[in-house]
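S.K.: My structure is below; once you've seen it, I'll send some questions.
Throughout, read-outs are computed from the coordinates displayed, never taken from laboratory work. Owing to the predicted nature of the structure, the values given are computational and were not obtained by experimental measurement. Note: ideal-geometry Cβ built from the backbone for every residue, glycine included; neighbour counts use all protein chains shown.
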Amino acid sequence: MSAPVLLLNGPNLGRLGLREPDVYGSTTLAEIETACTALAGELGLDLACRQTDHEGEMIGWVHEAADLGAGVVLNPAGWTHTSVALRDACAQLTAPLVEVHLSNVHAREPFRAHSYISPVAAAVVAGMGPEGYLAALRYLAGRLTTS
Ligand code: DHK
């Protein structure tokens, strides 16, 4: 059986392609999800891709991943820097969580350098653009067991 993985994107990431292309590039979220779904198939992962601008909805999905024992690839977007509640949800995960940022948050405004999520993540990817999501899936594939 394939290992379950949730690929979760937070606020404003549904606008990739339109949103500040100088920072976030011109690739849309749909294109990222298509590439991730193809790679997940090759890696034997059972991938579900979701995006929301609503924090409670995101927290519910993280609870779902915790209950399933699923791996998580999460771009928390703005909640990275603000949300204790999302961090507390992520702390309940039992399978690895990879935090992904398209941009190099450490080379931007100082407030972006702090993440509430990183202390409860197994790995953090920043500045690789869409390739970061693919790297996260490859990492998880090496660490999730199938039954
Ligand atoms: C995305 C966002 O929306 C920002 O709030 C973060 C992150 C950076 C990214 O690089 O993917 O600061």
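S.K.: So which residue, out of V124, V72, V62, gets the largest mean-square fluctuation from a GNM of the chain using Cα contacts under 10 Å as springs?
M.R.: V124
S.K.: Starting from the Cα of H63, move 7 Å in the Cα-to-Cβ direction to define the label point; list residues of region 72-97 whose amide nitrogen is under 16 Å from there.
M.R.: 85-94
S.K.: Where in the chain are the DSSP H helices whose alpha-carbon span along the long axis reaches 18 Å or more and whose Kyte-Doolittle mean is at least 0.5?
M.R.: Once both thresholds are applied, what remains is 29-43.
S.K.: With the contact rule set at Cα under 8 Å and sequence spacing of 6 or more, what percent relative contact order holds for the chain?
M.R.: 29 percent.
S.K.: So what are the ³J(HN,Hα) numbers for region 101-106, from phi and the Karplus equation (6.51, -1.76, 1.60; θ = phi - 60°), rounded to whole Hz, Gly and Pro as x?
M.R.: Calculated HN-Hα couplings, in order: 10, 5, 8, 7, 4, 7 Hz.
S.K.: Continuing with this model, one more query. Express in whole angstrom the spacing between the alpha-carbon centres of region 121-147 and region 41-115.
M.R.: 12 Å
S.K.: If you take every residue apart from T27 with its C-beta less than 14 Å away from the C-beta of T27, what net charge results, scoring Lys and Arg +1 and Asp and Glu -1?
M.R.: In short, -3.
S.K.: With just the Cα atoms of region 3-141, tell me how far they stretch along each of the three principal axes, in Å, largest first.
M.R.: The principal-axis extents, from largest down, are 36, 32, 23 Å.
S.K.: Another question, then. Quote the charge dipole size of the chain about the Cα centre in Debye, to the nearest 20; the model charges only the Cβ of Lys and Arg (+1) and of Asp and Glu (-1).
M.R.: Magnitude of the dipole: close to 280 debye.
S.K.: Tell me, in nm to one decimal, what length is gained between D88 and M1 on full extension, where the rule is 0.36 nm per residue of separation less the Cα-Cα distance?
M.R.: Once the chain is fully extended between D88 and M1, it gains 28.4 nm.
S.K.: Moving to a separate point now. Fully extended, how many nm does the chain gain between S118 and R143 (0.36 nm per residue separation, minus their Cα-Cα distance)?
M.R.: 7.2 nm
S.K.: Considering only M58, Y116, L47, whose Cα is most displaced toward the positive end of the charge dipole of the chain, charges sitting on Cβ of Lys, Arg (+1) and Asp, Glu (-1)?
M.R.: Projecting each Cα onto the dipole axis, the largest value belongs to Y116.
S.K.: Based on DSSP H runs of at least 4 residues, each adding -39500 (n - 2.57), what is the mean residue ellipticity at 222 nm of the chain after dividing by all its residues, to the nearest 500 deg cm²/dmol?
M.R.: That comes out to -10500 deg cm²/dmol.
S.K.: In nm, give the distance between the simple-model label positions of S26 and E42, each being 7 Å from the Cα along the Cα-to-Cβ direction.
M.R.: Simple spin-label model gives 2.4 nm for this pair.
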